[in-house]
Amino acid sequence: MATGRKIIVVDDAAALAIAAADRVLARIGSDPGRIAICLTGGSSPTQLYEVLGKPPYQSRIPWDRVHWFIGDDRFVAVSDPLNNMNIARQIFLDRCAPAANIHPIDTQAHSPDEAAALYQRLLLEFYGADRLDPARPLFDLVLLGVGPDGHVASLFPGYPAIEVTDRWVVGVPEAHVAPFVPRVSLTLPALASCREMLFLTAGSGKRPILTRVLGGEDLPANRAHSRDGETVWLCDRAALPENFRA
């Protein structure tokens with residue numbers, strides 16, 4: 001279950017995007033070397049991606065030393081509107097980041113399992129080892145949203161993928177929520193290997209699941225946390241349960 005969770009409350013979705021962008025810049029600025037950021041899909045990060053791709057944030061990111069990965073993706077064509085990395089690329093990555101620094105999941109592979117194996121190999125090569133060292137996280141920052149059923153990335157409650165600990169990436173043959181397409185997802189150990197895990201939660205539509213999460217229910221969202229770094233939930237007021245107290 002989530003440990004050491006920090007909750008930060010902002011006024012609305014616009015303020016959340018700015019607060020998240022500030023945390024991205026702070027995390028990049030904390031290390032003068034190579035930076036690895038794991039992006040998330042869905043609707044939660046789109047305003048953040050728009051902020052990162054425009055002044056003043058665009059000019060403050062050292063694009064040549066930041067590498068961009070994705071926590072999960074739908075097993076659809078690269079150009080499909082449902083493709084998570086395609087959304088991020090269209091909003092800001094293709095305009096701002098060197099092509100060699102963008103690392104999508106190969107959804108053109110033969111199957112989700114093959115795509116998972118290929119992405120794991122890519123991560124292993126980038127990391128330079130086949131075992132995750134607590135003293136050297138895989139990612140500097142992992143961005144996550146939370147689904148209406150409490151899933152994170154494509155790790156759904158009750159599905160076998162949530163229990164996988166011996167792989168970094170897995171194929172998910174079917175989704176628990178729409179769109180009902182196969183997925184490829186990083187596992188909890190891979191997501192946990194980060195200096196900061198940052199959840200983005202905005203809008204009244206997130207209030208029911210956030211109520212369950214903060215109530216301590218056994219959900220993937222409560223099992224996802226940074227192993228040795230910070231776990232931060234950035235929420236706007238509309239998403240908070242009515243009885244929430246800071």
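The values are calculated or read from the model by the stated rules, or taken from the named source; none is laboratory data. Just so it is clear, the structure is predicted and the values come from calculations on it, not from any experiment. Here the Cβ positions follow ideal geometry from the backbone for every residue, glycine too, while neighbour counts run over all protein chains shown. These accessible areas exclude ligands, DNA and RNA; they are computed on the full protein's heavy atoms, side chains included. Shrake-Rupley method; radii C 1.70, N 1.55, O 1.52, S 1.80 Å.
Descriptive notes on the structure:
- Only listed residue being touching a Phe, Trp or Tyr at 6+ places or on another chain (Cβ under 9 Å), under 26 Å from ASP11 (Cα atoms) and modelled with pLDDT under 95, chosen from LEU144, LEU214: LEU214
- Residues of the range 66-103 that turn out to be open to solvent by 50 Å² or more (accessible area, probe 1.4 Å) and under 19 Å from the mean Cα position of the chain (by Cα), as a count: 6
- Failed item in (1) open to solvent by 10 Å² or more (accessible area, probe 1.4 Å); (2) touching a helix residue (DSSP H, G or I) at 6+ places or on another chain (Cβ under 9 Å); (3) farther than 26 Å from VAL76 by Cβ; (4) not acidic (Asp, Glu), with PRO148 passing the rest: (3)
- Failed condition for PHE156, given (1) touching a strand residue (DSSP E or B) at 6+ places or on another chain (Cβ under 8 Å); (2) aromatic (Phe, Trp, Tyr); (3) open to solvent by 10 Å² or more (accessible area, probe 1.4 Å): (3)
- Residues that are surrounded by 15 or more Cβ atoms within 10 Å (Cβ to Cβ) and closer than 25 Å to PRO241 by Cα, drawn from the range 159-179: HIS176
- Count of residues meeting criterion [without any contact (Cβ under 8 Å) to a residue 40 or more places away in the chain, in contact with a helix residue (DSSP H, G or I) (Cβ under 7 Å, 6 or more places away or on another chain) and of a type outside the set (A, V, I, L, M, F, W, C)] in the range 63-79: 1
- Among residues that are within 23 Å of VAL172 (Cα to Cα), touching a strand residue (DSSP E or B) at 6+ places or on another chain (Cβ under 9 Å) and either β-branched (Val, Ile, Thr) or open to solvent by less than 30 Å² (accessible area, probe 1.4 Å) (or both), LEU123 is included.
- The listed residue being at pLDDT below 95, closer than 23 Å to VAL78 by Cα and aliphatic (A, V, I, L, M), out of ALA153, ALA178: ALA178
- Wholly enclosed helices (runs of 4 or more DSSP H) of the range 10-119 bearing at least 1 residues in contact with a Lys or Arg (Cβ under 8 Å, 6 or more places away or on another chain) and within 27 Å of ALA239 (Cα to Cα): 13-29, 84-88
- Check on VAL142, touching a Gly at 6+ places or on another chain (Cβ under 9 Å), part of a loop (DSSP other than H, G, I, E, B) and under 26 Å from TYR49 (Cα atoms): no
- Figure legend. Inter-residue proximity from the range 80-92: first residues more than 18 Å from ALA21 (Cα to Cα), second residues polar (S, T, N, Q), beta-carbon distance below 7 Å, spacing 6+ or different chains. Indicated pairs: ASP80/ASN86; ASN83/THR107; ASN86/SER79.
- Of everything listed in (1) more than 20 Å from ILE37 (Cβ to Cβ); (2) modelled with pLDDT under 95, the single unmet condition for PRO134 is (1).
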